[in-house]
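Q: I'd like to ask some things about the structure below.
Nothing in this text is a laboratory measurement; each read-out follows from the coordinates by a stated rule. On a predicted model such as this, the values are computed, not experimentally measured, just so you know. Glycine gets a Cβ as well: all are built from the backbone with ideal geometry, and neighbour counts include every protein chain shown.
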Amino acid sequence: MSEEKVKCVVCKEKEVEVLCDFPIHFKQEKDESGLKVEAEPCNIPMCRECSLRVIHMDYCPYHAELYPKLQLPLDYFQKYFGKGEE
């Protein structure tokens, strides 16, 4: 029995390579070490060609449009998400 490959939800042609990393849900907790913030990503499955790669994060076309509107400087992403690969 052959395993069927999952197709990109954007182009519906190529195989899935990445998931959208754009944070859509935030959870805050406070413990003895301070405030802890966790983000749940969008996770839309897509091929590399349909994604926008920013540092080491991949965004779906919908969230790629929102990314420039955030206007967060690159050093902010590097501080909280690491330098990653470009």
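Q: Applying a 10 Å radius around every beta-carbon, put 29-36, 10-17, 56-63 in order of their mean neighbour count, most first.
A: Highest to lowest by the protection proxy: 56-63, 10-17, 29-36.
Q: Turning to a different aspect of this structure: Straight distance only, please: which lysines reach the Cα of Lys79 with their own Cα at less than 26 Å, same-chain residues fewer than 8 apart left out?
A: Lys27, Lys30, Lys36, Lys69
Q: Counting other beta carbons within 10 Å of each residue's own, what order do Leu66, Leu52 fall into, fewest first?
A: Values: Leu66 11, Leu52 16.
Listing Leu66, Leu52 from fewest to most nearby Cβ atoms yields Leu66, Leu52.
Q: Only residues of the stretch 24-43 count here: report those whose backbone N is under 11 Å from the spot 7 Å along Cα→Cβ of Glu65, or say none.
A: No residues fall inside that zone.
Q: Moving on to the next point. Using amide H atoms built 1.01 Å from N in the peptide plane, name the residues 5+ places from Asp58, or on other chains, whose amide H lies under 5 Å from its own.
A: HN-HN under 5 Å from Asp58: Asp21.
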